[in-house]
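The values are calculated or read from the model by the stated rules, or taken from the named source; none is laboratory data. Note that the coordinates shown come from a computational prediction; the quantities given were computed from them, not determined experimentally. Neighbour counts run over all protein chains shown; Cβ positions are idealised from the backbone, glycine included. With ligands, DNA and RNA removed, areas are computed over all heavy atoms of the protein, side chains included. Shrake-Rupley method; radii C 1.70, N 1.55, O 1.52, S 1.80 Å.
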Amino acid sequence: MSATDDLIDRILRDYDTITVVGASVDPAKAAHDVPAYMQHRGWRIIPVNPHADEILGEPVYRTLADVPEQVGLVDVFRPSEFTPDIARQAVAAGATALWLQLGIRSAEAREIAEAAGLLYVEDRCLIIEQRRTRISRRTA
């Protein structure tokens, strides 16, 4: 097992809430389907999107700074060029892990996150990793 695989296992086991930056109301988009899948497997989803009021039955926050509770794992569905700013916002919000979805990479976001001590995963899909590890938050 690689160091990244160990890190992914740790994140899936330790975090029960996923704050999703770029969550979508459109069921045809991965930014809707992935959080819906994870929610169905028992994770709590906190959507962040400046253009929606409710996603997956949850209230939507405009920015990470607007989330009224401690942020832990931040999952990102935004283009790579936006991720350094999202990494800064995650650090400012007190996040402890930053996950960039499949196809999203940023050396600058990695530097920001790791310098602040955040766990960091990029270019990986939560669904693929949940299926690979078989880790679930649901006990039944």
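Of the candidates 26, 33, 9, the single residue that is open to solvent by 70 Å² or more (accessible area, probe 1.4 Å), of a type in the set (Asp, Glu) and out of contact with any Leu (no Cβ under 9 Å at 6 or more places or on another chain) is 33. Sub-6 Å Cβ pairs linking a first residue in region 90-104 that is more than 22 Å from residue 66 (Cα to Cα) to a second residue that is small (Gly, Ala, Ser), at least 6 apart or interchain, are 104/80, ordered by first then second residue. Residues that are in contact with a Ser or Thr (Cβ under 6 Å, 6 or more places away or on another chain), open to solvent by less than 60 Å² (accessible area, probe 1.4 Å) and in a loop (DSSP other than H, G, I, E, B) within region 39-50 comprise just one, 42. Scanning region 31-42 for any residue that is in contact with a Phe, Trp or Tyr (Cβ under 8 Å, 6 or more places away or on another chain) and not hydrophobic (A, V, I, L, M, F, W, C) turns up nothing. Looking only at residues in region 1-16 that are in contact (Cβ under 8 Å) with a residue 12 or more places away in the chain and among the hydroxyl-bearing types (Ser, Thr, Tyr), the one that is nearest to residue 122 (Cα to Cα) is 4.
For region 11-37, the set of residues classified as touching a Gly at 6+ places or on another chain (Cβ under 8 Å) and part of a helix (DSSP H, G or I) consists of 31 only.
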